[in-house]
Amino acid sequence: QLHLVESGGGLVQPGGSLRLSCEVSGYIMGYYTLGWFLQAPGKEREGVSCISTSDSSTYYADAVKGRFTISRDNTENTVYLQMNSLEPNDTAVYYCAAGVFLHHTVRTACNILRASDSWGQGTQVTVSS
């Protein structure tokens, strides 16, 4: 249904910043939840942050609270993840995904979305000195 393209990753030093972008195209019914997820080598994907297009409510994993900010533009074509105070443990491939979750909080929707089989290609974030 949707086509997702992530960009903005790169190599940064600890304490640095990156802004990831996810361009969304295609059709989806009604409001949806869009989220950022990471996958480190040999690990399962983990939720980072999600945002609902219905009311812009957000969810953040504890590890990124106060450091990362998710946002979207008015057309809902692009969702961003501003990543500040980056740490080596943030190193991973970052993916975005979207799905419709009726009558769910954004936190619950984000958890369910982690199991999605529709992802973008991912963008590599490497935090190293």
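The values are calculated or read from the model by the stated rules, or taken from the named source; none is laboratory data. Given the structure is predicted, the values throughout are model-derived calculations rather than measurements. Glycine gets a Cβ as well: all are built from the backbone with ideal geometry, and neighbour counts include every protein chain shown. When the accessible area is computed, the model is the full protein with side chains, heavy atoms only, and any ligands, DNA or RNA have been set aside. Shrake-Rupley method; radii C 1.70, N 1.55, O 1.52, S 1.80 Å.
Quick one: with all protein chains in place, what share of the accessible area of the stretch 15-128 is carbon or sulfur, to the nearest percent (1.4 Å probe)? Could you put the intermediate results ahead of the total?
On the way: 2740 of 5950 Å².
Roughly 46 percent, rounded to a whole number.
Enter the accessible area per residue of the chain (Å², integer; probe 1.4 Å; all protein chains in place).
54 Å²
What's the extension gain from Ser21 to Lys65 if we count 0.36 nm per residue and subtract their Cα-Cα distance? Each step should come with its number before you reach the end.
Numbers: separation 44, 0.36 × 44 = 15.84 nm, distance 1.86 nm.
Full extension of this stretch gives 14.0 nm more.
Please compute the net charge surrounding Leu2, taking Lys and Arg as +1 and Asp and Glu as -1 over other residues with Cβ under 15 Å from its Cβ.
It works out to a net charge of -3.
For Asn77, put the label point 7 Å out on the Cα→Cβ axis and report which residues of the stretch 1-26 keep their amide N under 19 Å from it.
Hits in the stretch 1-26 for Asn77 at 19 Å: 2-8, 20-26.
Between the alpha-carbon centers of the stretch 12-66 and the stretch 76-94, tell me the distance in whole angstrom.
Value for the Cα centre distance between the two parts: 8 Å.
How much net charge surrounds Ser25 when only other residues with a Cβ under 15 Å from its Cβ are counted (Lys, Arg +1; Asp, Glu -1)?
Values: positive: Arg72; negative: Glu6, Glu23, Asp73, Glu76.
Around Ser25, the charge tally is -3.
Counting helices only, and only those DSSP H runs with n ≥ 4, report the 222 nm mean residue ellipticity of the chain as the sum of -39,500 (n - 2.57) divided by its residues, in deg cm²/dmol to the nearest 500.
Mean residue ellipticity at 222 nm (helix-derived): -1500 deg cm²/dmol.
Taking a ≥ b ≥ c as the square roots of the eigenvalues of the Cα gyration tensor of the chain, is the shape rounded (a/c under 1.5), prolate (a/b larger than b/c) or oblate?
Prolate.
With contacts defined as alpha carbon pairs under 8 Å and 6 or more residues apart, what's the relative contact order of the chain in percent? Let's see the in-between values first.
Numbers: 311 pairs, mean separation 46.9, N = 129.
Over the chain, the number comes to 36 percent.
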